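One structure is given below, encoded as structure tokens.
The values are calculated or read from the model by the stated rules, or taken from the named source; none is laboratory data. Note that this is a predicted model, so its numbers are computed, not measured. Here the Cβ positions follow ideal geometry from the backbone for every residue, glycine too, while neighbour counts run over all protein chains shown.
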Amino acid sequence: MEQKPPTNKNAERVVEIRGLNKSFGSNEVLKHVDLDLYKGENLVVLGKSGTGKSVLIKILVGLLKPDSGRVLVLGNNVVDISYKELLALRLKVGFSFQNSALYDSMTVRENLEFPLVRNQRKLTRAEKKRAVEEMLDAVGLLKAINQMPSELSGGQRKRIGIARTLILQPEIMLYDEPTAGLDPITCLDINGLINEVQERFHTSSIVITHDLACAKEVGNRVAMLLDGKFERQGTFSEVFDTDDERVKTFYEYNFIQ
Amino acid sequence: MNNKSEQSPVDHKTVKAPGKLARMFLSLYDVGQFVTRFFKEGFLPPYEGRELINQCYNIGYRSLLLISTTGLITGMVFTKQSRPSLAEFGATSWLPSLVAIALLRTLAPLLTGLIAAGKVGSSIGAELGSMRVTEQIDAMEVSATNPFKFLVSTRVLAATITIPILTFYTALVGMLGAFLNVTVNEGTTMEAFVQDSLESITFLDIIASTVKAVIFGFTIGMVGCYQGYNSSKGTEGVGKAANSSVVIAMFLIFLEEVISVQFFALFRTT
């Protein structure tokens, strides 16, 4: 498996996080976190379960409120943005959920139409139909268009979830544990899809995972969350070339897995 | 941050060890915010007309069989149980009037409200609860749509529109049950039964019944949506949301019934 080329750090910063803190009761999850996402890169955020990886990306789309810090997404500080501005920003930031979060009372077609109908009201019925079909074709699941989410496999659900996110043509993609709960072959498919999305739609992405194979395959850059802070950032090799026991344990555990 | 709309307006986790009373007030504040949001957003465009019709169908049409059976049986049984008391005074001819008043003023709205609280309230609570814990509501939100409008406003409006219609349907079916009983026992004709019934009903009865049904419908929709929309803790939370939707809605319906009876009594001359 070849590593992807490293990030061009001269590129524009599409996400800029400074001094971010988030606690749940007495549990400090994120402690003065700093992080950047550069235009066009895939940034993988690694860390153990419960270390606040998902919390971080939920803050980026305004699903959670930080305790303090500055969070700039495409130049907007989501900490003090108005609800209207946040809605506009969310059109440019796609979020793929860990369990896909497909609307289980709707067919695949209706799932994809849902954000489209409500955000692009000027599109004609034929244009919406074409957009849905093109997006499903892009993720290789056009044949599932009339199926219900309950009829799909885990990997198919992930693909549909990503297609639903992409239909609004976001500039930034946030993937929450895209390979969690999938078999190794399907994981490879999903990793391939994430790379394809980056190339075809020119997105900048943050991929939350604890799967090192996924990190290596999709990440231009890796950031490792340790004890609430990004203590290690760089290419995959740079991050894991260390004597830090916490990092070594994480690597070895994944290798054994 | 101004996007508090999709989060609980009170971050309970940051409130240090609130007492029982403080928790109660925080919950009441949450409920107040939720209801206020419905009135602020529910009637503004863009409208979710298709979902509203869909919910009216779910709440109304799908409850018809249960409502019909319950209404018919209630009308028959109420007539049968009332007959001996009236017979003591030789007043069995008052049965149509008695049943009409009882059904329209109290039995039909209360019965419909309680049945809908069980059937509709639990269904809304469980559906929204399940959508919350599987992140479907979050998914709607991050796709720049307003899940409150799509999920809550439509369900509350549908319940508020449909329950009054179901209430009059229950009254009608109940009267049919009463007529069957009366015609078998007293040989009363349909024409006489209808005439006796209508003579005893006043315009105030119809208004009172409609107002009560609207309030019951609003309560059922709002309680179900609030419990489901704010549920947490996985599948346990979904069960809890469904259960508390029924219990709280039923309690509030009884409370509203008592208050409305007292209120409308002020306008009655007899």
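General observations
- Scoring B:PHE254 on the criteria (1) surrounded by 15 or more Cβ atoms within 10 Å (Cβ to Cβ); (2) over 21 Å from B:PHE148 (Cβ atoms) leaves a single failure, condition (1).
- The lone exception for A:ASN21 - which of (1) in a strand (DSSP E or B); (2) surrounded by fewer than 18 Cβ atoms within 10 Å (Cβ to Cβ); (3) under 19 Å from the mean Cα position of the chain (by Cα) it fails: (3)
- Of the criteria (1) part of a helix (DSSP H, G or I); (2) closer than 20 Å to B:SER82 by Cβ; (3) at pLDDT below 95, which one B:THR188 fails: (1)
- Of the set (1) part of a helix (DSSP H, G or I); (2) surrounded by fewer than 24 Cβ atoms within 10 Å (Cβ to Cβ); (3) within 14 Å of another protein chain (Cβ to nearest Cβ), all apply to B:GLU199 but (3).
- Residue tally, condition more than 21 Å from A:LEU174 (Cα to Cα), polar (S, T, N, Q) and not in a loop (DSSP other than H, G, I, E, B), over the stretch A:123-161: 1
- Residue pairs meeting the criteria (Cβ under 8 Å; at least 6 apart or on separate chains; first at negative phi, in the stretch B:37-61; second exposed (fewer than 12 other Cβ atoms within 10 Å of the Cβ)): B:PRO46/A:ARG121
- Just one of (1) more than 8 Å from every other protein chain (Cβ to nearest Cβ); (2) in contact (Cβ under 8 Å) with a residue 40 or more places away in the chain; (3) under 28 Å from B:GLY129 (Cα atoms) fails for A:VAL33. It is (3).
- Search result, residues across the stretch B:19-56 that are under 14 Å from B:LEU157 (Cα atoms), among the acidic types (Asp, Glu) and assigned to a helix (DSSP H, G or I): B:GLU41, B:GLU51
- Within the stretch A:99-122, the set of residues being at negative phi, more than 8 Å from chain B (Cβ to nearest Cβ) and either under 18 Å from the mean Cα position of the chain (by Cα) or assigned to a helix (DSSP H, G or I) (or both) comprises A:VAL108, A:ARG109, A:GLU110, A:ASN111, A:LEU112, A:GLU113, A:LEU116, A:VAL117.
- Each residue in the stretch A:56-93 was checked for being within 10 Å of another protein chain (Cβ to nearest Cβ) and more than 16 Å from the chain's Cα centre (by Cα), and 16 of them qualify.
- Residues in the stretch A:236-247 include at least one that is surrounded by 21 or more Cβ atoms within 10 Å (Cβ to Cβ), on the phi < 0 side of the Ramachandran plot, out of contact with any Cys (no Cβ under 9 Å at 6 or more places or on another chain) and touching a residue at least 60 places away in the same chain (Cβ under 8 Å).
- Residue match in the stretch A:88-95 (condition: in contact with a helix residue (DSSP H, G or I) (Cβ under 6 Å, 6 or more places away or on another chain), in a helix (DSSP H, G or I) and closer than 16 Å to B:PRO147 by Cα): yes
- Which listed residue, of A:GLU133, A:GLU127, A:GLU151, is away from every other protein chain (no Cβ under 13 Å), touching a Leu at 6+ places or on another chain (Cβ under 7 Å) and surrounded by fewer than 16 Cβ atoms within 10 Å (Cβ to Cβ): A:GLU133
- Just so you know, in the stretch B:131-155 the residues that are aliphatic (A, V, I, L, M) and without any contact (Cβ under 8 Å) to a residue 24 or more places away in the chain include one that is surrounded by the fewest Cβ atoms within 10 Å (Cβ to Cβ), and it is B:ALA144.
- Residue in the stretch A:43-52 that is modelled with pLDDT under 95, among the hydrophobic types (A, V, I, L, M, F, W, C) and either within 13 Å of A:ASP176 (Cα to Cα) or touching a helix residue (DSSP H, G or I) at 6+ places or on another chain (Cβ under 6 Å) (or both) present: yes
- Only one of A:VAL207, A:VAL197 that is within 23 Å of A:GLU171 (Cα to Cα), of a type outside the set (Asp, Glu) and not in a helix (DSSP H, G or I): A:VAL207
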